[in-house]
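All remarks here apply to the structure that follows.
Derivation of every value follows stated rules applied to the coordinates shown; laboratory data play no part. As the structure is a prediction and not an experimental result, all values here were calculated from the model. Cβ: placed from backbone, ideal geometry, glycine included. Neighbour counts: every protein chain shown.
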Amino acid sequence: MGLPVPGLGTVHLSRPQLGYVAGVVVLTAAELVSWPVGLALAVGHLLAADRDSTTLEDFGEALEQA
């Protein structure tokens, strides 16, 4: 399923990924978690699940150089 995200384009999510992100959104909207924590959970989950992207690899290399 494709989800248009401003600034990122279309993000394709499987049903389990969509369920996870929706759960985080609900917890954040109900103020059970703060929005920075909810954002970190959702973005971290999507980055970890995207094994074909070089974004996480580039981030790790940048941390090693720092």
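Given the alpha-carbon gyration tensor of the chain, what are the semi-axes of its equivalent ellipsoid in whole angstrom, ordered largest first, with each equal to the square root of 5 times an eigenvalue? Write out the running numbers ahead of the final one.
Details: eigenvalues 104, 54, 21 Å².
Each semi-axis is √(5λ); the values are 23, 16, 10 Å.
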Q: Can you tell me the 0 to 90 degree angle between the C-alpha axis of helix 35-49 and the longest principal axis of the chain, rounded to 10?
A: 60 degrees
Q: Taking H placed 1.01 Å from N in the peptide plane, check which residues at least 5 places from residue 11 or on another chain put their amide H under 5 Å from its amide H.
A: 3, 5
Q | Spacing of the two label points (7 Å from each Cα toward its C-beta) at residue 35 and residue 10, in nm | A | 2.8 nm
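At 222 nm, what value in deg cm²/dmol follows for the chain if DSSP H runs of at least 4 each add -39500 (n - 2.57) and the sum is divided by all its residues, to the nearest 500? Let's see the in-between values first.
On the way: 3 runs with 41 residues, N = 66.
Theoretical 222 nm ellipticity from helices: -20000 deg cm²/dmol.
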Q. Once fully extended, how much extra length lies between residue 3 and residue 64, figured as 0.36 nm per residue of separation less the alpha-carbon to alpha-carbon distance?
A. 18.7 nm
